[in-house]
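A quick write-up on the structure given underneath.
The values are calculated or read from the model by the stated rules, or taken from the named source; none is laboratory data. As the structure is a computational prediction, the values presented were derived from the model and not from experiment. Reconstructed Cβ throughout: ideal geometry from the backbone, glycine too, with neighbour counts over all protein chains shown.
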Amino acid sequence: MRVKIDSSVLHQTKWHDYAIRFFFGGLITATAGIIAKEFGPGVGGLFLAFPAIFPASATLIEKHEKQRKERQGIDGMARGREAASVDAAGAAMGSLGLVVFALVVWKLVPRESHWMVLVAATASWLAVSALVWKVRKAA
């Protein structure tokens, strides 16, 4: 699969789809804030790391793919679920890279310059994400 940018899909997304994403993102962020207030910022930060946009995005991806296939006269349920599952797999792979990014920052911030930490954490994220992608492709 080739990764490409297609800006034409920006015009296909309706305003209420953005509203749903905004609502879910805000709800998850507010929940993380409540958890942080109750249990401390360390615990709340773990919940804030949850991809706030993911639940709404997965739902909307499934809906759009299903509608697209149904316009072609095909039952789109299976394709919609498949598209949402591919997005979920990508989110999981990206999350592994973010965990490594966080660990590098946590370990290096006390003793290295902030720019050096940012470069090292970003390089680590990129390396882990690429490795996970390569392992997934090999499986």
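Structural remarks
- Positions within the range 95-139 being more than 18 Å from residue 45 (Cβ to Cβ) and not aliphatic (A, V, I, L, M), in sequence order: 111, 112, 113, 114, 115, 122, 124, 129, 133, 134, 136, 137
- Test: residue in the range 28-41 that is within 24 Å of residue 99 (Cα to Cα), within 16 Å of the chain's Cα centre (by Cα) and at pLDDT 75 or above: yes
- Hits in the range 106-139 - residues which are surrounded by 14 or more Cβ atoms within 10 Å (Cβ to Cβ) and closer than 30 Å to residue 68 by Cα: 133
Residue-by-condition table, conditions (1) touching an Asp or Glu at 6+ places or on another chain (Cβ under 7 Å); (2) modelled with pLDDT of 75 or more; (3) closer than 26 Å to residue 26 by Cβ:
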residue: 49; (1), (2), (3): no, no, yes
residue: 52; (1), (2), (3): no, no, yes
residue: 60; (1), (2), (3): yes, yes, yes
residue: 79; (1), (2), (3): yes, yes, no
residue: 83; (1), (2), (3): yes, yes, yes
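- Filter pass, residue 46 being free of Cβ contacts under 8 Å to residues at least 12 places away in the same chain and within 25 Å of residue 131 (Cα to Cα): yes
- Among residues of the range 69-109, those that are over 30 Å from residue 123 (Cα atoms) and not basic (Lys, Arg), counted: 10
- Near pairs, Cβ below 8 angstrom, 6+ apart or cross-chain, from the range 105-120 (touching a residue at least 12 places away in the same chain (Cβ under 8 Å)) to any residue that is of a type in the set (Asp, Glu): 120/112
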